[in-house]
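Novice: One structure follows; several queries about it will come next.
The values are calculated or read from the model by the stated rules, or taken from the named source; none is laboratory data. Owing to the predicted nature of the structure, the values given are computational and were not obtained by experimental measurement. Positions of Cβ are backbone-derived with ideal geometry, glycine not excepted, and every protein chain shown enters the neighbour counts. Side chains are part of the model used for accessible areas, which takes the heavy atoms of the whole protein and leaves out ligands, DNA and RNA. Shrake-Rupley method; radii C 1.70, N 1.55, O 1.52, S 1.80 Å.
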Amino acid sequence: MAAPARPSIWPDLSAKLVARMLSAHAGLGVILGALLYIVSLSGVLVVFHAEFARWEQPHIVERQSVSPELAQSAAQSVLDHARAMDDTPDEIMIFMPTPDSPRLAGGYDDSYWFIDDQARLGERIDHGFSEFLIDLHYYLHLPSTLGLIVVGLMGVMMLALVVSGFLAHPRVFRDAFRSRKPGNGQLSLADRHNRLSVWGAPFHVMIPLTGAALGLATIVALVLAQSEPEMTVTDMFDTVFGAGAEQTAPAGPLPDAAQALRVVAKDFAEDGLIPWIIQIHHPGEDEQTLQILTAAPDRLIFGEYLQFSPDGRFIGQTGLENGEFGQQAMASVYNLHFGNWGGAPIKLVYVALGLALCVVCVSGVQLWLYKRARKKGPQPRLERAWIALVWGPVALIGLCLTLDRVFGIADSLLAPVFWIGLVALAGLSQFAPSKAGLSCGLKLTGSTLLLIGASAHFLAYGASGYQNPAAWGVFAGIILSALLLTGDALRQPRAGVTPAVVPGD
Amino acid sequence: MATSSIAALIVGLALGLLGLALVRQSWLRRQTRHTGLMATGWSLMILATAPLVVALGPDLGVTTAFMAPMLGAIALLSPGMIQPVGAASNAVSPASASRTHWLASLRTLIVCLLAGPAALTVTLIASIALLRMTQGIGWTMPDSLLLVFLFAPLAWAGLAVISALDAPLRWRSASLAALAAVFAILALLLSPSIS
């Protein structure tokens with residue numbers, strides 16, 4: 001005879017509330033599932049955006065540091081170039097080598113070049129593919145402010161899904177380790193969805209919260225500024241990120257960035273700050289100013305702004321490193337969101353957790369499809385469209401990689417190719433003879449395109465052109481992804497009764 | 001990294017993973033007495049934060065304390081997750097109660113408006129009230145802004161959930177309107193902080 005059940009220590013939620021939450025959870029998830037998945041998938045790739053950029057131009061000579069004199073000469077070279085082109089830039093920037101991007105570069109407006117040991121402007125920076133990925137994740141390729149708000153909205157809805165998900169599944173913590181045997185269809189898929197949701201919860205809360213905070217900051221600040229007299233959005237952000245250097249110099253030679261760099265090395269190296277971006281406003285003109293953004297590789301903050309007088313004396317710092325708690329915390333949001341704080345191991349952790357988030361997004365919608373099929377009968381159109389929306393982006397990212405690397409099409413065409421391609425795939429998927437075939441075909445197409453793009457890039461530069469470990473890492477990552485996709489496609493059950501969209505299917 | 005920091009890092013990771021192992025044990029023994037095991041497990045995971053903060057600093061330490069058990073648990077569960085999912089039952093239940101299609105679409109549209117623009121409006125009004133309140137009690141502007149920037153997505157998410165609940169639309173709309181009114185009154189009562 002079974003022992004009497006022990007009273008549970010877990011609080012019980014009313015069945016009515018649970019049912020309502022489940023309805024809210026499903027409603028929000030289904031409406032936004034595809035976009036949430038695309039934002040999550042692109043987020044996984046963007047974790048490696050610096051490495052993608054180094055891979056795209058793998059032959060650029062890399063260095064761990066440059067002398068202050070070379071940095072000063074680089075700034076002068078950029079200004080000389082601007083004057084030769086009759087440009088009057090508002091600001092020139094020199095990018096110093098950092099652990100993430102150990103290259104010397106500089107420029108103004110939309111024009112940036114790598115700079116050699118003689119401070120000569122070299123090859124233009126051309127990161128078409130990594131910028132395509134970044135724009136996809138930051139803005140969904142919409143105009144920047146609107147895109148930020150829409151992606152911020154995605155973050156909000158993801159948070160709403162986490163909240164409603166936990167309230168809709170009162171047993172989810174009790175069953176934190178339950179994993180029913182694979183092959184049990186909907187149950188094992190639900191286990192996959194729920195277990196990854198529970199154990200990934202801190203990540204699933206942190207990522208959309210920081211993402212939404214970044215995305216919505218502009219609109220929230222705009223409204224707050226309207227409600228506060230004599231305060232603009234700029235004033236508001238300046239209280240956190242500073243207003244830049246205040247001491248200005250008259251028209252003439254550039255401010256002494258070399259001296260400022262010596263001060264950074266002498267006085268701030270102990271705090272773990274290293275020079276990252278030299279910013280000279282109104283270079284060579286009246287009221288020119290000098291500010292150096294430093295990176296802080298041992299902290300979560302993205303860096304600290306240091307202001308200098310025109311002759312390179314230290315004036316002050318903004319306080320991201322040691323100021324108000326609010327300043328330090330806000331300066332940490334970006335790195336926390338993008339996993340840019342602990343080198344390659346943390347990036348790999350973010351990729352693993354990000355892929356888990358993709359699985360949660362996809363399995364959530366697939367569970368809804370299962371339930372809908374049980375209630376209303378098979379939904380072949382919906383299921384095919386969903387397969388196209390899940391595996392289509394993978395294939396289309398492969399296509400964009402190939403178009404960019406093999407055919408060198410204009411960077412501005414990559415976004416239309418992706419979105420028009422996705423709509424076309426969702427439409428054409430209706431004519432696929434089987435769901436399993438559609439899924440398998442998209443995976444194999446994606447795999448092939450990734451292989452073509454990566455191989456073409458490798459052949460173009462050759463082994464000797466791959467002059468940095470990041471380039472080899474990205475190349476290996478693309479090849480590995482292509483092989484995993486192929487393996488997944490080949491082991492997929494042929495008699496696919498269900499939509500084969502969850503990785504592993 | 002100093003030897004003491006490496007030792008603290010190892011201790012922190014060990015405590016976190018031991019805590020996770022105890023929580024799993026408590027789950028395996030869930031049919032019997034398991035509360036103590038579970039409480040100890042969670043306590044160890046929280047306790048692991050201290051040595052990790054010593055090793056990595058406050059920001060990276062707390063972040064790592066969250067991540068180590070997450071990864072450990074996902075690794076524990078992963079063997080069952082990489083297997084293909086089998087076929088689902090194709091049992092078809094009778095269609096649910098009929099509702100005219102256009103009415104359902106209209107309802108969905110209203111819910112979207114409630115969860116989107118309406119919930120955002122309430123959130124923004126609440127954000128103004130929150131900024132004025134924190135400024136009123138002497139917080140610095142960066143601290144106030146941090147709170148508001150983190151509050152806004154959370155509040156919007158909560159209101160979106162309320163908007164999407166399977167409850168009468170009039171109740172959901174009334175809830176949002178009432179919240180907007182409360183926050184608006186609060187914001188008006190609290191004077192602007194910056195002059």
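Novice: Report yes if some residue within region B:178-187 is touching a Leu at 6+ places or on another chain (Cβ under 8 Å) and either surrounded by fewer than 23 Cβ atoms within 10 Å (Cβ to Cβ) or touching a residue at least 40 places away in the same chain (Cβ under 8 Å) (or both); otherwise report no. Walk me through how you get there before you give the answer.
Specialist: So in region B:178-187, the residues touching a Leu at 6+ places or on another chain (Cβ under 8 Å) come out as B:179.
Next, from what is left, pick out any that are either surrounded by fewer than 23 Cβ atoms within 10 Å (Cβ to Cβ) or touching a residue at least 40 places away in the same chain (Cβ under 8 Å) (or both): B:179.
Checking region B:178-187: at least one residue is touching a Leu at 6+ places or on another chain (Cβ under 8 Å) and either surrounded by fewer than 23 Cβ atoms within 10 Å (Cβ to Cβ) or touching a residue at least 40 places away in the same chain (Cβ under 8 Å) (or both).
Novice: Enumerate the helices (runs of 4 or more DSSP H) found wholly within region B:86-195, keeping only those where 3 or more residues are touching a helix residue (DSSP H, G or I) at 6+ places or on another chain (Cβ under 9 Å) and modelled with pLDDT of 90 or more.
Specialist: B:119-136, B:141-164, B:169-189
Novice: Taking the stated definitions as given, is A:Phe95 of a type outside the set (A, V, I, L, M), under 16 Å from the mean Cα position of the chain (by Cα) and away from chain B (no Cβ under 14 Å)?
Specialist: When the stated conditions are applied, A:Phe95 does not pass them.
Novice: Could you tell me which numbered condition A:Ala456 fails, if it satisfies all but one of (1) without any contact (Cβ under 8 Å) to a residue 12 or more places away in the chain; (2) assigned to a helix (DSSP H, G or I)?
Specialist: With respect to (1) without any contact (Cβ under 8 Å) to a residue 12 or more places away in the chain; (2) assigned to a helix (DSSP H, G or I), A:Ala456 is out only on (1).
Novice: Any residue that is charged (D, E, K, R), open to solvent by less than 30 Å² (accessible area, probe 1.4 Å), at pLDDT below 90 and not in a helix (DSSP H, G or I) - is there at least one of those in region A:484-501?
Specialist: For region A:484-501, residues charged (D, E, K, R), open to solvent by less than 30 Å² (accessible area, probe 1.4 Å), at pLDDT below 90 and not in a helix (DSSP H, G or I): absent.
Novice: Just for region B:132-152: of the residues that are under 21 Å from A:Thr318 (Cβ atoms) and among the hydrophobic types (A, V, I, L, M, F, W, C), which one is most open to solvent (accessible area, probe 1.4 Å)?
Specialist: Top of the filtered list is B:Trp139.
Novice: Restrict the check to region A:209-230 and report whether at least one residue is in contact with a strand residue (DSSP E or B) (Cβ under 8 Å, 6 or more places away or on another chain), of a type in the set (D, E, K, R) and either more than 16 Å from B:Met141 (Cα to Cα) or facing chain B (nearest Cβ under 9 Å) (or both).
Specialist: no
Novice: Any idea which of (1) of a type in the set (A, V, I, L, M, F, W, C); (2) touching a Phe, Trp or Tyr at 6+ places or on another chain (Cβ under 7 Å); (3) farther than 19 Å from A:Asp126 by Cα is the one A:Ile92 doesn't satisfy?
Specialist: Failed condition: (3).
Novice: Something else: For region A:337-345, state whether one or more residues are facing chain B (nearest Cβ under 8 Å) and open to solvent by less than 30 Å² (accessible area, probe 1.4 Å).
Specialist: There is at least one residue in region A:337-345 that is facing chain B (nearest Cβ under 8 Å) and open to solvent by less than 30 Å² (accessible area, probe 1.4 Å).
Novice: For region A:352-388, how many residues are closer than 23 Å to A:His49 by Cβ and either open to solvent by 30 Å² or more (accessible area, probe 1.4 Å) or free of Cβ contacts under 8 Å to residues at least 40 places away in the same chain (or both)?
Specialist: Final tally of qualifying residues: 2.
Novice: Please indicate, with yes or no, whether at least one residue in region B:30-46 is modelled with pLDDT of 80 or more, crowded, with 20+ Cβ neighbours inside 10 Å and within 9 Å of chain A (Cβ to nearest Cβ).
Specialist: no
Novice: Can you confirm whether region B:65-78 contains a residue that is more than 7 Å from every other protein chain (Cβ to nearest Cβ), more than 30 Å from A:Lys375 (Cα to Cα), modelled with pLDDT of 85 or more and open to solvent by less than 20 Å² (accessible area, probe 1.4 Å)?
Specialist: no
Novice: While we're looking at this one, here's another question. Considering every residue within region A:29-39, establish whether at least one is over 29 Å from the mean Cα position of the chain (by Cα), away from every other protein chain (no Cβ under 14 Å) and modelled with pLDDT of 90 or more.
Specialist: The answer is no; no qualifying residue exists.
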